[in-house]
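The values are calculated or read from the model by the stated rules, or taken from the named source; none is laboratory data. Quick caveat: nothing in here was measured; it's all calculated off a predicted structure. Virtual Cβ from ideal backbone geometry, glycine too; neighbours counted across all protein chains shown. Calculation scope for accessible area: heavy atoms of the full protein, side chains included, ligands and nucleic acids excluded. Shrake-Rupley method; radii C 1.70, N 1.55, O 1.52, S 1.80 Å.
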Amino acid sequence: MPLDDLVLGLQRLVDRFVRRVRRGHAPTPDRQRLLVVQIDGLSREVLQLALARGRMPFLRRVIERAGWRLHPMFVGLPSSTPAFQMAAMYGVRPDIPGFHYHDKRQREDVYFPRAGDAARVEKAQAAGRRGILDGGASYGCVFTGGAVDNLFTFAIMKRPTGSGLLAAFSALVVLAWVALKSTVITATELLRAVLRLLADPVGEWRRGWKWLAIKIGLSVWVRELFTLAVARDLYAGTPSIYVNYLDYDVFSHAYGPRHPRALRSLRRIDDSLKQIWRVCRRVPEHRYDLYVLSDHGQAHTRLFDEVAGGRRFERVVFDDFFTPGGARPVSPARPAGRHRLASGIKALRTGRAPGYFQRFFNYIEEGFPWVLGELKEARERDNVRVICAGPNAFIYFVDDDAPLPIERIEERWPGLADELSRHPGVGYVFARSSSDGPVCFWRGKRHRLSLAEPGPFAGRADTPLVISAIRDLMTMPSAGDLVVYGIDASTGHVSYIAEAGAHAGPSPEELHTFVVAPPAARLPEPLDHPVQLYPHFARYLDGSTRESAA
Ligand SMILES: [Zn+2]
């Protein structure tokens, strides 16, 4: 859009002026730079569908005509954003079994949208390693990857030095334009909604309002803001940039991965990709390498309550499998939680929270059912804690700090795992065994998972990968003593929270994604785990990537 260019041009002029005032230098032109665009939640299967149906014309063109390569990627378990980004940004195999889980040793829940949780996990698990975004920028991510995000750091507004104010003004030029443009698009969408309402008052009112709110909030304001912010960074020569577009994942959670509304959001992301790519071409001296990738896919799910007579999973677990009597809700005023919230707010006020906005947007995303007024899905009774995180639920025996192997669980609750796996809303139940590796309960039958005996995963093209992913998952100290999946339940895929699309599990559509990379990029092959991306991306940190792009 030419008007975008005009605004960015004005912003660049301001930037140049700011540099002169500060006597700073323009970025060095002789290094290669990293630009990662993540399309959250897009499986390879749905990507290929979107490409074939012309939903992503720009991406299709660079693949077909410019020789960009679509590299298949297997993301491992859990198929979830924080696990993926920890591995890709820091090169570590994380202890992150889900989006919401319990840490027995610390005796506390980790829930990524909550203020402070992502920061604590990042600090503990990145273990002093250099993130791929060291000195760069990240938008919409769970972790910062070491990014120093200048556009969103409030500190910049707090130090009213002359050049600081000018820099803030430069950022404001972009923000003002995003506001103006988004307001116009919002008005257009609202007008359309009114017209639709007139045409079909009852139906449109029932299904339309929530969708419209997400569409305007995420798909217009946030996407525009991210795209313009990235464009600004590209002109400025920021050494590394990671932007995560959340639109598709959110629509897919709400309506299912192949729903027309989810597919339509890909068209808008494709527009943003095109815009970003054009800016890259305009500053060839900055030598950006653009990677388009996805962190996981989604499976189409139904709600557990539907197959359990309207009862939630925790309720069924406590009433039908443990002592009858119902679950006691988690105390809402745990002092640790209140303290963490307070320190989170304090960090924001003092401008010490560069990743705050990333976490905020993630909160909107993954906390979606929760944001809309539902209780957080954790219950505890008699030292048994149940956490529902999506198509996965964890059962912890919290009187023991160490993970309990199945032999110990059977002593207390004989037949529990077999019985659970027979429930129509349960697919797999995984547990650790004290001798070797994980075991899997499937429709009432116990399988020792190995390549020789892959149990329910026999006959899949990716059997060895799935077996090793389950091993990885059950090696994580924070994974539940029992890890329950609604994926491949006898009634179809099931999620334990209210959503039509879900992920974290072992279905092919959750596990298989992609990286679209420039023709010269030498990505490791095959890509069997996101941890392999780290050395490839980390090479950009020193600006010497010739060997990777020979
Ligand atoms: Zn998601």
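Does region 478-496 contain any residue that is under 17 Å from GLY41 (Cα atoms), within 16 Å of the ligand (Cβ to nearest atom) and open to solvent by less than 10 Å² (accessible area, probe 1.4 Å)? For region 478-496, residues under 17 Å from GLY41 (Cα atoms), within 16 Å of the ligand (Cβ to nearest atom) and open to solvent by less than 10 Å² (accessible area, probe 1.4 Å): present. Just checking, does region 15-36 include any residue being modelled with pLDDT of 95 or more, surrounded by fewer than 20 Cβ atoms within 10 Å (Cβ to Cβ) and touching a Pro at 6+ places or on another chain (Cβ under 9 Å)? The answer is no; no qualifying residue exists.
Consider PRO518 against the criteria (1) over 25 Å from LEU49 (Cβ atoms); (2) open to solvent by 10 Å² or more (accessible area, probe 1.4 Å); (3) in contact (Cβ under 8 Å) with a residue 24 or more places away in the chain: it satisfies all of them except one. Which criterion is unmet? It fails just one condition, (1).
For region 99-112, which positions are touching a His at 6+ places or on another chain (Cβ under 8 Å), of a type outside the set (D, E, K, R) and part of a strand (DSSP E or B)? Before you say what the answer is, go through the steps one by one.
The initial filter retains those residues of region 99-112 that are touching a His at 6+ places or on another chain (Cβ under 8 Å), namely 108-112.
Still in the list and also of a type outside the set (D, E, K, R): 110-112.
Across region 99-112, the qualifying residues are VAL110, TYR111.
Tell me, yes or no, whether region 237-251 has at least one residue that is assigned to a helix (DSSP H, G or I), within 13 Å of LEU35 (Cα to Cα) and of a type in the set (Ser, Thr, Tyr). So far as region 237-251 goes, no, none of its residues is assigned to a helix (DSSP H, G or I), within 13 Å of LEU35 (Cα to Cα) and of a type in the set (Ser, Thr, Tyr). Listed by first and then second residue, the pairs linking a residue in region 241-266 that is more than 18 Å from ALA504 (Cα to Cα) and modelled with pLDDT of 90 or more to a residue that is of a type in the set (Lys, Arg) and more than 13 Å from the ligand (Cβ to nearest atom), with Cβ atoms under 6 Å apart and 6 or more places separating them unless they lie on different chains, are LEU263/ARG55; LEU266/ARG55.
Matching residues to (1) modelled with pLDDT of 95 or more; (2) of a type outside the set (Ser, Thr, Tyr):
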position: LEU465; (1), (2): yes, yes
position: ARG471; (1), (2): yes, yes
position: SER478; (1), (2): yes, no
position: VAL483; (1), (2): yes, yes
position: ILE487; (1), (2): yes, yes
position: ALA498; (1), (2): no, yes
position: PRO508; (1), (2): yes, yes
position: ARG522; (1), (2): no, yes
position: PRO526; (1), (2): yes, yes
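Taking the condition within 22 Å of the chain's Cα centre (by Cα), open to solvent by 20 Å² or more (accessible area, probe 1.4 Å), of a type in the set (A, V, I, L, M) and within 16 Å of the ligand (Cβ to nearest atom), does ALA502 pass? For ALA502, the condition - within 22 Å of the chain's Cα centre (by Cα), open to solvent by 20 Å² or more (accessible area, probe 1.4 Å), of a type in the set (A, V, I, L, M) and within 16 Å of the ligand (Cβ to nearest atom) - is not met.
Okay, residues lined up against (1) in contact with a Gly (Cβ under 8 Å, 6 or more places away or on another chain); (2) more than 16 Å from the ligand (Cβ to nearest atom); (3) among the aliphatic types (A, V, I, L, M); (4) part of a helix (DSSP H, G or I):
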residue: ILE63; (1), (2), (3), (4): no, yes, yes, yes
residue: PRO72; (1), (2), (3), (4): no, yes, no, no
residue: PRO78; (1), (2), (3), (4): yes, no, no, no
residue: ALA87; (1), (2), (3), (4): yes, yes, yes, yes
residue: PRO97; (1), (2), (3), (4): yes, no, no, no
residue: ARG120; (1), (2), (3), (4): no, yes, no, yes
residue: GLY131; (1), (2), (3), (4): yes, yes, no, no
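When ASP436 is tested against (1) among the acidic types (Asp, Glu); (2) out of contact with any helix residue (DSSP H, G or I) (no Cβ under 8 Å at 6 or more places or on another chain); (3) more than 16 Å from LEU473 (Cβ to Cβ), exactly one condition is not met: (3). Name the single residue, out of those in region 230-282 being among the aromatic types (Phe, Trp, Tyr) and open to solvent by less than 10 Å² (accessible area, probe 1.4 Å), that is farthest from the ligand (Cβ to nearest atom). Ranking the candidates gives TYR242 first. May I ask you to verify whether ASP295 is at pLDDT 95 or above, more than 16 Å from the ligand (Cβ to nearest atom), touching a Phe, Trp or Tyr at 6+ places or on another chain (Cβ under 7 Å) and under 15 Å from VAL36 (Cα atoms)? Judged against the criteria, ASP295 is not a match.
Tell me, which residue of region 88-147 that is surrounded by 23 or more Cβ atoms within 10 Å (Cβ to Cβ) and β-branched (Val, Ile, Thr) is farthest from TYR396 (Cα to Cα)? Of everything passing the filter in region 88-147, ILE132 is farthest from TYR396 (Cα to Cα).
Tell me whether region 533-543 contains one or more residues that are open to solvent by 10 Å² or more (accessible area, probe 1.4 Å) and over 30 Å from ARG61 (Cα atoms). Step through it out loud before you land on a result.
First, pick out the residues of region 533-543 that are open to solvent by 10 Å² or more (accessible area, probe 1.4 Å): 534-535, 538-539, 541-543.
Then keep just the ones that are over 30 Å from ARG61 (Cα atoms); that gives 542.
Yes: one or more hits.
Kindly establish whether THR301 is of a type in the set (S, T, N, Q) and more than 16 Å from the ligand (Cβ to nearest atom).
In short, no.
Of all residues in region 290-312, exactly one satisfies the criterion of being buried (at least 21 other Cβ atoms within 10 Å of the Cβ) and part of a helix (DSSP H, G or I), namely PHE304. Applying the set (1) of a type in the set (S, T, N, Q); (2) modelled with pLDDT under 90; (3) part of a helix (DSSP H, G or I) to GLN125 leaves exactly one unmet item: (2).
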